[in-house]
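Reading through the structure tokens given below for one structure.
Rule-based calculations on the coordinates, nothing more; no lab input. Quick caveat, the model's predicted, so the values are computed rather than measured. Methodologically, a virtual Cβ is constructed for each residue, glycine included, from the backbone with ideal geometry; neighbour enumeration extends over all protein chains shown.
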Amino acid sequence: MKPGLTRREREVTDINEILRILDKAKIVHIGLIDGDEPYVVPMNYGYTYENEKLTLYLHGATEGKKLDIMRVNPKVFFSIECDVEPFSGSVACQYGTSYSSIMGKGKAVISETPEEKMQGLTFFMKTQTGLDFDFNERLVSAVSVIKIEVSEFTAKHRPKPINA
Ligand SMILES: Cc1cc2nc3c(=O)[nH]c(=O)nc-3n(C[C@H](O)[C@H](O)[C@H](O)COP(=O)(O)OP(=O)(O)OC[C@H]3O[C@@H](n4cnc5c(N)ncnc54)[C@H](O)[C@@H]3O)c2cc1C
């Protein structure tokens, strides 16, 4: 993890809180670089956090724009949020939204072997459902599995104001 938020008081560094956000959010926005154009795609994800290393796991069709882009440029930036709750006030500037979020960057690695795909899908389903599923080669041949090796990330929490 790399600190660096402008609003440092909102930075989340407690790993248990970071894991709670990762467990809860379920959706990641994956930012890619398509030549000189940005491309952002919302996706479900699974994750692992081992030896202080965060890895995200995505799955989808075996073809499409995001895969075409990743094959040329595997650089990824991602954004995840949960606990999103709008609040109000008596004047416009007292309105806002409380949230917990994680942003970071990494490298997309498209899984090549059935074993890699099965492992990635196991992590994916564990995060999405909390359950353990078994996969076989026939099942995984129909999907692509993408691993995002996260090189750095930050987490942030904006609380609801006491009076809101
Ligand atoms: C909450 C959520 C969760 C999702 N989870 C997954 C997931 O786990 N796995 C998965 O594969 N897909 C998921 N999707 C769908 C995903 O966003 C993409 O539509 C899909 O992955 C195809 O992406 P692609 O780059 O291959 O686009 P292509 O099918 O190649 O389409 C290319 C064009 O279609 C348009 N397009 C693509 N996706 C969208 C979109 N979501 N909304 C509007 N326009 C779009 C864009 O203009 C894009 O240029 C999810 C979508 C949402 C909203």
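Things worth noting here:
- Short-range pairs are left out: with C-alpha atoms under 8 Å and at least six residues apart, the relative contact order of the chain is 31 percent.
- Model label zone, residue 87; criterion: amide N under 16 Å from point 7 Å along Cα-to-beta-carbon; scope segment 135-164: 157-164
- Max mean-square fluctuation residue, GNM over the chain, Cα-Cα springs under 10 Å, options 114, 38, 74: 38
- For the chain, modelled as a GNM whose springs connect Cα atoms under 10 angstrom apart, the maximal fluctuation among 28, 150, 41 occurs at 41.
- Nearby lysines by direct alpha-carbon distance to residue 126 (threshold 16 angstrom, same-chain neighbours under 8 apart not counted): 24, 26, 117, 147
- Spacing of the two label points (7 Å from each Cα toward its C-beta) at residue 112 and residue 40, in nm: 3.3 nm
- Global form of segment 1-84, assessed from the alpha-carbon gyration tensor, a/c cut-off 1.5: prolate
- Structure remark: mean-square fluctuation, Gaussian network model of the chain, C-alpha springs under 10 Å; the largest value among 21, 69, 110 belongs to 69.
- Computed extension length for residue 72-residue 151: 26.5 nm, one decimal, from 0.36 nm per residue of separation with the Cα-Cα distance subtracted.
- Only helices enter the 222 nm calculation for the chain: every DSSP H run of n ≥ 4 contributes -39,500 (n - 2.57), and dividing by all residues gives -7000 deg cm²/dmol, rounded to 500.
- Unit charges at the beta carbon, dipole of the chain: most positive-side option, 101, 127, 91: 91
- Taken over segment 8-157, the percentage of Cα pairs per 5 Å bin, counting from 0 up to the bin with the maximum distance, is 2, 9, 17, 20, 18, 14, 9, 5, 3, 1, 1, 0.
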